[in-house]
Every structure is written in C-alpha cells, then in structure tokens.
1. Report the FRET efficiency, 1/(1 + (r/R0)^6), for Val159 and Arg182, where r is their Cβ-Cβ distance and R0 is 30 Å, rounded to 0.05.
2. Need the full-extension length gain, Ser81 to Thr137, defined as separation in residues times 0.36 nm minus the C-alpha distance. One decimal, nm.
3. What does the charge count around Asp123 come to, taking other residues whose C-beta lies under 13 Å from its C-beta (Lys +1, Arg +1, Asp -1, Glu -1)?
4. So which GluC sites (Glu not before Pro) in the stretch 92-195 pass both tests, a DSSP loop state and at most 10 other Cβ atoms within 10 Å of the Cβ?
5. For the stretch 124-147 and the stretch 30-71, what is the separation of their Cα centres, given in Å?
6. Give, in nm to one decimal, the length gained when the segment between Ala100 and Met55 is fully stretched (0.36 nm per residue of separation minus the Cα-Cα distance).
7. Tell me, in nm to one decimal, what length is gained between Leu32 and Asp193 on full extension, where the rule is 0.36 nm per residue of separation less the Cα-Cα distance?
8. Go through the stretch 67-167 and name the chymotrypsin sites (Phe, Trp or Tyr not before Pro) that are in a DSSP coil and have 15 or fewer other Cβ atoms within 10 Å of their Cβ.
Amino acid sequence: MARRSLLSRLNPRLKWRGVRGIRYNEEGVSALEFALIAPVLILIYLGAVELSLLMRVDRRVTSTSASLGDLTARLATVTDSDMAEMFAAAKVMMQPYDAADARLRITSIVDSGNGSPKVSWSDAYNVDPYAKGTVLTVPAGIVPSPGSVILAEVEYDYVSSFGYVISTSKTISDKFYLRPRRVAQISRTSTADEDENPFGPTS
C-alpha cells in the first residue's frame, strides 16, 4: 500500500480513476482531432474542385465569344448558312458543355458618323436579338465614326455537380467587339421564315 500511494503521488493518472480520470486519458486524441478537422478539409477540397470547374466554364465562354466574333468579322456578308456554321462552331468550342444550353448573340453595330451606334442586324439563340435601330451603349473608342463593329455575346448558367459549395446556378458571360476585316460594314441576308432561326440547332 505504501508503494502504491507513493506511485499515486508521483503519477496522478494512477490516482484519478473513473470519470475524473478522463482528463488524463490521451487515447484517441488523433482520431478526435481528425473528426474535427475532416469536415473543413472536405469543404476546402470540394471548393477547390468547384472553383476549377467554374474557371473551366469561364474559359469556354470566353473562347467561344471571341471565336464567334472573329469568324463573323472575317465575312463580308452573313447568310443563314453562315449562322448555322457559327452555331456548329460554338458547339465544338463549348465542349464538354452543351452550346444548346447557352445564350448566344451576334450583332452588327453601325455608327453612320453621328456618334450614335445603332444595331444594323442581330441574330440570337436562347435570347432575344436586338431590334434593328436600337441604340446600344458601347465603351468609348470601340466603334469608329463612321464605321461598324461585330458584337459577340455568350452566356452560360453553370450548375454545380456537388451543390455543397455553390448551391445555386452561376451565370458566366463574356462579350467581344471586333471590327470587320474585309469591309466597313458586314451585311446580313436571310431567306428563313419568321419562325425559323438559322442560328441554332439544325435538327
């Protein structure tokens, strides 16, 4: 007994038993720490994955809008067939995302020399085109006076695959202004019916 009492005084863990001895029990500390930090680590990991997917969509939207504007600016006259090819090109550039879920619009903006840029023509998919003659507000120095530019716009609603970090859809959009390469103003010819949209899926 004397020996045990001496050990108890030297080592409190031998003195305190039962419930009061829990404070001296260090078994399972690592598991408890992991249980506390694991949700935070998982949230950070999912957030990093979500951010990378969001950046991927943003790059697709940017490259698609830039390419649509560039392809249109190379033409002298835009036909219905050209618009169908534009949509086909957008489908390729938006992969692995579906261009049919995006909102696309290509517009010719003309300044006749009075400093008031107006819509000459506009084609759109999943969004209303601008009405002819609409005055648009564009950044200073973009539209030459007189002259014209092509405005290409793309919008895409990103929906999270997880739903934990980003619980709602995020609209990713971009627009590009490009001046015509071959002519001062690109014309638009169409033989499509009013209920037909050449700038969209062909089937």
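Since every read-out is calculated from the coordinates, none of them should be taken as a lab result. Quantities reported herein were computed from a predicted structural model and do not represent experimental measurements. Cβ atoms come from the backbone with ideal geometry, glycine included; neighbour counts cover every protein chain shown.
1. Working: r = 40 Å, r/R0 = 1.33.
According to the calculation, E is roughly 0.15.
2. Numbers: separation 56, 0.36 × 56 = 20.16 nm, distance 2.94 nm.
Additional length available on full extension: 17.2 nm.
3. So the environment of Asp123 carries a net charge of -2.
4. Details: sites: Glu153, Glu155, Glu194; in loops: Glu194.
The qualifying sites are Glu194.
5. Here the answer is 34 Å between Cα centres.
6. So the chain would gain 14.2 nm between Ala100 and Met55.
7. 51.1 nm
8. Phe162, Tyr164
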